[in-house]
Structures are given as structure tokens and as C-alpha cells.
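I have placed the structure first, in the form of C-alpha cells, so that the comments after it can refer back to it.
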Amino acid sequence: MSGEWKGAIVYVLAAFGVGFLLGPLREFVLIPRIGRIVALLVELPLMLGFCWWIAPRILRRCMIPPGPARLRMGFAALSLLLTLEFFTGVVLRGWTLRAWVADFATPPGLVTLLAYLVFAVLPRWVRTP
């Protein structure tokens, strides 16, 4: 397995793990009080901040050189993340593929989609120590 795929797996598992911890807080505490979009806007800086912090460590550990390799790692991680998110939506929310895709057309879904894109390109942006 290439370093890019190893990095992608570690990156997505780290981000998904933090999201799995923050998700119930967002769903059961924040959304009922402040609405879905504002709850997302509260959670996203925490999630993306964590990704900004963990990405250089993963890049260094997996020896992924600066440049296109890091972008490939980020988009590989995005493909894995979308797969995990879809199956989590099926299991926890009972969504179909159609419902999951349709959710991206809502304002909160667009915010989420933008966050996914930032997640994917973030390994290309960060500097490794």
C-alpha cells in the first residue's frame, strides 16, 4: 500500500473519529437550540482545526512529499470519508442514497460539502515541521 493511501486512511479515521464524538453533541444539544446551520458553523472550526493539527503529523509519519502527492492523499481520504458518512447515514438515519445526495442541495448540506472540500485540500496546504 502506498504512503498516500496509508496517510489517507489514518487521516480519515482521525477526522471521522472526532466527528463521531462531536456529532451527537451537534445533533442532540446544538441543533435543537440554535438550528442546523449555526450548529454546523460551531462544529466545523473544531473539526477543521483538528484536521489542520493532525494532517502534518500524518504527512510526516507517512513520508508524503509536498505537492501533488498530498492532494492525492486528501482526495483519497475524501472518498473514504464520503463512504463512511454514507453508511453512517444509512445505519443511523435510515437514509437512502437518493436522500443522502439530496441533502447536499440544502443550505446545511452545501456548508458540509464545502467543509468536505476543505478537508480534502488541507493536506496540500499545511506545512510539515
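Residue pairs whose Cβ atoms lie under 6 Å apart, sitting 6 or more positions apart in sequence or on different chains, and linking a residue in segment 48-72 that is under 10 Å from Thr128 (Cα atoms) to a partner that is in a loop (DSSP other than H, G, I, E, B) and among the aliphatic types (A, V, I, L, M), are Ala55/Val126; Pro56/Val126.
Restricting attention to segment 74-107 and to residues that are touching a Phe, Trp or Tyr at 6+ places or on another chain (Cβ under 6 Å) and modelled with pLDDT under 95, the residue that is surrounded by the most Cβ atoms within 10 Å (Cβ to Cβ) turns out to be Trp100.
For segment 103-129, residues that are of a type in the set (Gly, Ala, Ser) and within 20 Å of Pro66 (Cβ to Cβ) total 1. When you look at Val10, is it free of Cβ contacts under 8 Å to residues at least 40 places away in the same chain and among the hydrophobic types (A, V, I, L, M, F, W, C), yes or no? So Val10 does not fit the description; no. If you filter segment 19-47 down to residues that are of a type in the set (A, V, I, L, M) and touching a residue at least 60 places away in the same chain (Cβ under 8 Å), you find that the one that is farthest from Leu110 (Cα to Cα) is Met47. Just to be sure, is Ile54 closer than 12 Å to Leu122 by Cα and of a type in the set (Val, Ile, Thr)? So Ile54 passes the test.
On the stretch given as segment 44-67, residues that are in a helix (DSSP H, G or I) and either among the hydroxyl-bearing types (Ser, Thr, Tyr) or out of contact with any helix residue (DSSP H, G or I) (no Cβ under 8 Å at 6 or more places or on another chain) (or both) total 6. Looking across segment 1-13, the residues that are over 9 Å from the mean Cα position of the chain (by Cα) and aliphatic (A, V, I, L, M) come down to Met1, Ala8, Ile9, Val10, Leu13. Among residues that are among the hydrophobic types (A, V, I, L, M, F, W, C), touching a Gly at 6+ places or on another chain (Cβ under 6 Å) and without any contact (Cβ under 8 Å) to a residue 60 or more places away in the chain, Trp95 is included. Looking across segment 1-37 at every residue that is over 16 Å from Thr88 (Cβ atoms) and among the charged types (D, E, K, R), the one that is surrounded by the fewest Cβ atoms within 10 Å (Cβ to Cβ) is identified as Arg33.
The values are calculated or read from the model by the stated rules, or taken from the named source; none is laboratory data. No experiment lies behind these values; they were computed from the predicted model shown. All Cβ positions, glycine included, derive from the backbone under ideal geometry; neighbour counts span all protein chains shown.
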